[in-house]
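The structure appears below as structure tokens.
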Amino acid sequence: MERCYKYTQNLSQNQMNFRTLKAEYKGLTFKIEEDYPEVGAYLYVYKEGKCIKDILQDNIDICKEIALEEYGVPINFWKDV
């Protein structure tokens, strides 16, 4: 049991701060959630509160570019949550 506690304690000490960004455009809501660098970032597209698409990319900037190219979301619409 002690080993599990130490593992959890180490995780909390080394925890990274991940960014979450949100944009609303043409009736859709977009969210980007950053993950560990080796994972990347997720782009979620919501329509009427339901996720209609999720995309995993290498980083936040690529997610923004995809949202721009596929949905026309201007880069300056993104806000940190």
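General observations
- Couplings 3J(HN,Hα) of the stretch 62-76, computed from phi: 5, 4, 4, 5, 5, 4, 5, 5, 8, 10, x, 5, x, 4, 6 Hz, in residue order, whole Hz [Karplus 6.51 cos²θ - 1.76 cosθ + 1.60, θ = phi - 60°; x for Gly and Pro].
- Close amide H contacts of GLY40 (hydrogens built in the peptide plane, cut-off under 5 Å, sequence separation of 5 or more or a different chain): ASP35.
- Summing charges over all other residues whose Cβ lies under 12 Å from the Cβ of ILE55, with Lys and Arg as +1 and Asp and Glu as -1, gives -3.
- Once C-alpha pairs closer than 8 Å and six or more residues apart are averaged by separation and normalised to the residue number of the stretch 17-80, the relative contact order reads 29 percent.
- Coil-residue GluC sites (Glu not before Pro) of the stretch 11-81, DSSP, other Cβ within 10 Å capped at 16: GLU38, GLU48
All of the numbers you see were taken from the coordinates with simple rules; none came from a lab. From a predicted model like this one, the values you see are computed outputs, not experimental measurements. Neighbour counts are summed over all protein chains in view; Cβ atoms, including those assigned to glycine, are modelled from backbone coordinates with ideal geometry.
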